[in-house]
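Below: the structure, in structure tokens.
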Amino acid sequence: MLTPERLSLNTATVKKQWGLRECVDGCVRHGLGGIAPWRDVLHAAGVDEGAKMIRDSGLGVSGLCRGGWYTAEGALTDAVLDDNKRAVDEAVAIGAACLVMVVGGLAPGSRDIAGARAIVTEGLGRTLDYARSVGMKIAIEPLHPMYAADRACVNTLGQTLDICDQLGDGVGAAVDVYHVWWDPEILPQIVRAGPERLMAFHLCDWLVPTRDLLTDRGMMGDGVIDLKGLRAAVEASGFAGLNEVEIFSELDWWKRDADEVLATIVERGRTAC
């Protein structure tokens, strides 16, 4: 069971209903312990103003979404690296536990996934050099293999940890159940990660049928993921952070009253997680 103070709202869960101010107030109203803004929502509020409203609310910040996209221009460019530096600074400004990285898929026109992974690893290393200097942790989010071409060429926790082994301290994983629940190696890889590299844990569910692979995630308890088992595994390996709820739901939850969404999150935290 997860009590509300152990939950964090990823702002994407109510992206069609609320801006950052409403998200902060809603988290406080429903007793959630934290928030995880997306950068566009933070920018809309203003980074300094957003940081102040979060700080004044007393909410924890389980992460900032997102940096990465190292392959977007076909190779590492100053523009991509500079944007990731800005993302690190924004994460520091709001007191985030980590900056979550969606690393990017194949470079435009490419079929070279190994080359894409090499670009990603180099980019992460260069961002990490700066992030270490300002005390911000970098959390690589492995995405389901269906996103390997266009969103993330790092697709398993094992691949993520291989990169972490190369890069050293300050980099770890954001484990999103939507992306990793299917992986037969997920439990031993969670053990391998350990407390230093388990930096974020994201909750939602996998619906059957899934009507859209990007925007039809389920509320916890409505799908097939062993949420209790995965949460028990990350906690047994030392994860002690907030449990972040991130649900993209064009066909359901984005259409509902946002207070209903948060009330359901609180209820499902108690019963499904």
Can you pull out the residues in the range 202-231 that are of a type in the set (A, V, I, L, M) and part of a loop (DSSP other than H, G, I, E, B)?
-> 207, 208, 213, 214, 219, 220, 224, 225
Go through (1) over 18 Å from the mean Cα position of the chain (by Cα); (2) in a helix (DSSP H, G or I) and name the single condition residue 89 misses.
-> (1)
Regarding residue 159, is this residue of a type outside the set (Lys, Arg) and more than 30 Å from residue 224 (Cα to Cα)?
-> no
Check on residue 116, in contact with a Lys or Arg (Cβ under 9 Å, 6 or more places away or on another chain) and in contact (Cβ under 8 Å) with a residue 12 or more places away in the chain = no
Only one of 80, 47 that is farther than 21 Å from residue 172 by Cβ and surrounded by 21 or more Cβ atoms within 10 Å (Cβ to Cβ) = 80
Going by the conditions given, is residue 238 modelled with pLDDT of 95 or more, surrounded by fewer than 16 Cβ atoms within 10 Å (Cβ to Cβ) and of a type outside the set (Phe, Trp, Tyr)?
-> yes
With respect to residue 199, determine if the residue is of a type in the set (A, V, I, L, M, F, W, C), surrounded by 18 or more Cβ atoms within 10 Å (Cβ to Cβ) and part of a loop (DSSP other than H, G, I, E, B).
-> no
Residues (closer than 16 Å to residue 257 by Cα and crowded, with 23+ Cβ neighbours inside 10 Å) located in the range 25-44 = 27
For residue 95: the one exception among (1) touching a residue at least 40 places away in the same chain (Cβ under 8 Å); (2) surrounded by 15 or more Cβ atoms within 10 Å (Cβ to Cβ); (3) not aliphatic (A, V, I, L, M) = (2)
Any pair with Cβ under 6 angstrom, 6 or more apart, that starts in the range 42-58 at a residue that is part of a helix (DSSP H, G or I) and ends at one that is of a type in the set (D, E, K, R) | 47/90
Of those in the range 14-40 that are touching a strand residue (DSSP E or B) at 6+ places or on another chain (Cβ under 9 Å) and assigned to a helix (DSSP H, G or I), the residue nearest to residue 68 (Cα to Cα) is 39
Considering only residues of the range 92-117 that are in a helix (DSSP H, G or I) and under 21 Å from residue 132 (Cα atoms), which is farthest from the chain's Cα centre (by Cα)?
-> 93
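Here's the yes/no breakdown for (1) surrounded by 20 or more Cβ atoms within 10 Å (Cβ to Cβ); (2) over 15 Å from residue 2 (Cβ atoms); (3) at pLDDT 95 or above:
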site: 182; (1), (2), (3): no, yes, yes
site: 216; (1), (2), (3): no, yes, yes
site: 221; (1), (2), (3): no, no, yes
site: 234; (1), (2), (3): yes, no, yes
site: 243; (1), (2), (3): yes, no, yes
site: 256; (1), (2), (3): no, yes, yes
site: 263; (1), (2), (3): no, no, yes
site: 267; (1), (2), (3): no, no, yes
State whether the residues of the range 65-73 include one that is within 30 Å of residue 265 (Cβ to Cβ), touching a residue at least 40 places away in the same chain (Cβ under 8 Å) and surrounded by fewer than 17 Cβ atoms within 10 Å (Cβ to Cβ).
-> no
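The values are calculated or read from the model by the stated rules, or taken from the named source; none is laboratory data. Predicted model only: the values in this text are computed from it and were never measured. Every residue, glycine among them, receives a Cβ derived from its backbone with ideal geometry; neighbour counts consider all protein chains shown.
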